[in-house]
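K.L.:
Below is the structure I would like to discuss, written out as structure tokens.
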Amino acid sequence: QLQLVESGGGLVKPGGSLTLACEATGFTLTYYSVGWFRQTPGKEREGVSCVNLSSHVTTYADSVKDRFTISRDVPRNTVYLHMNSLKPEDTAVYYCARSPKFTCELGPEGYDYWGQGTPVTVSS
């Protein structure tokens, strides 16, 4: 079955760190770009980061640049999002998605498969 499964979400204190994983099943991520998005109730889905699995070119939103790092593990068909210096405003449900575009963008358009999401709560 074609699916993307996120994991690693949870409760973390401000200033803490958390790593999310996005594992793909039923297809090979090598031929796609993978993006991380987040959404809170009443707000638009926000693009966080993106990586092309072939070129390893990465993109980050200004809100997370220098705090978050996206990485890939091709043999495991998995993309990670390493989150450091977390802030309460980072609280959201985080989703990963694939895009057939070689150059990925942080807008949701062009992403054809989405994971179920994993919640992240940053609170003391």
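The values are calculated or read from the model by the stated rules, or taken from the named source; none is laboratory data. Computed from a predicted structure; not experimentally measured. Positions of Cβ are backbone-derived with ideal geometry, glycine not excepted, and every protein chain shown enters the neighbour counts. Just so you know, the surface numbers come from the protein's heavy atoms only, side chains and all, with ligands and any DNA or RNA stripped out. Shrake-Rupley method; radii C 1.70, N 1.55, O 1.52, S 1.80 Å.
K.L.:
Select from the stretch 28-46 the residues that are open to solvent by less than 10 Å² (accessible area, probe 1.4 Å) and modelled with pLDDT of 95 or more and list them in ascending order. Step through it out loud before you land on a result.
P.N.:
Taking the stretch 28-46 and keeping what is open to solvent by less than 10 Å² (accessible area, probe 1.4 Å), we get 29, 33-37.
Of everything in the stretch 28-46, those that are open to solvent by less than 10 Å² (accessible area, probe 1.4 Å) and modelled with pLDDT of 95 or more turn out to be Ser33, Val34, Gly35, Trp36, Phe37.
K.L.:
Let me ask another. Is it the case that some residue within the stretch 75-84 is basic (Lys, Arg) and under 15 Å from the mean Cα position of the chain (by Cα)?
P.N.:
Looking for residues that are basic (Lys, Arg) and under 15 Å from the mean Cα position of the chain (by Cα), one finds none in the stretch 75-84, hence no.
K.L.:
Give me the pairs, please: first residue somewhere in the stretch 5-31 and touching a residue at least 12 places away in the same chain (Cβ under 8 Å), second residue anywhere and among the basic types (Lys, Arg), beta-carbon distance under 8 Å, and either six or more positions apart or on two chains.
P.N.:
As it stands, the answer is Pro14/Lys87; Glu23/Arg76; Ala24/Arg98; Phe27/Arg98; Leu29/Arg72; Leu29/Arg98, since those pairs meet every condition given.
K.L.:
Does the stretch 13-27 contain at least one residue that is over 13 Å from the mean Cα position of the chain (by Cα), open to solvent by 70 Å² or more (accessible area, probe 1.4 Å) and either within 18 Å of Gly110 (Cβ to Cβ) or of a type in the set (Asp, Glu) (or both)?
P.N.:
no
K.L.:
Right, next: Under 6 Å between Cβ atoms, at least 6 apart or on separate chains: pull out the pairs that start in the stretch 94-114 with a residue that is touching a residue at least 40 places away in the same chain (Cβ under 8 Å) and end on any residue that is assigned to a loop (DSSP other than H, G, I, E, B) and open to solvent by less than 40 Å² (accessible area, probe 1.4 Å).
P.N.:
Correct list of pairs: Tyr95/Gly115; Tyr95/Gly117; Cys96/Gly115; Ala97/Tyr111; Ser99/Gly110; Ser99/Tyr111; Lys101/Gly110; Leu106/Ala61.
K.L.:
Something else: Check off (1) within 26 Å of Gly16 (Cα to Cα); (2) in contact with a strand residue (DSSP E or B) (Cβ under 9 Å, 6 or more places away or on another chain); (3) open to solvent by 70 Å² or more (accessible area, probe 1.4 Å) for Ser124 and give me the number that stays unchecked.
P.N.:
Result: Ser124 passes all but (2).
K.L.:
Another question, if that's okay. Could you tell me whether the stretch 47-58 includes any residue that is open to solvent by 60 Å² or more (accessible area, probe 1.4 Å), under 17 Å from Leu81 (Cβ atoms), modelled with pLDDT under 95 and touching a Lys or Arg at 6+ places or on another chain (Cβ under 8 Å)?
P.N.:
Yes; the residues of the stretch 47-58 include at least one that is open to solvent by 60 Å² or more (accessible area, probe 1.4 Å), under 17 Å from Leu81 (Cβ atoms), modelled with pLDDT under 95 and touching a Lys or Arg at 6+ places or on another chain (Cβ under 8 Å).
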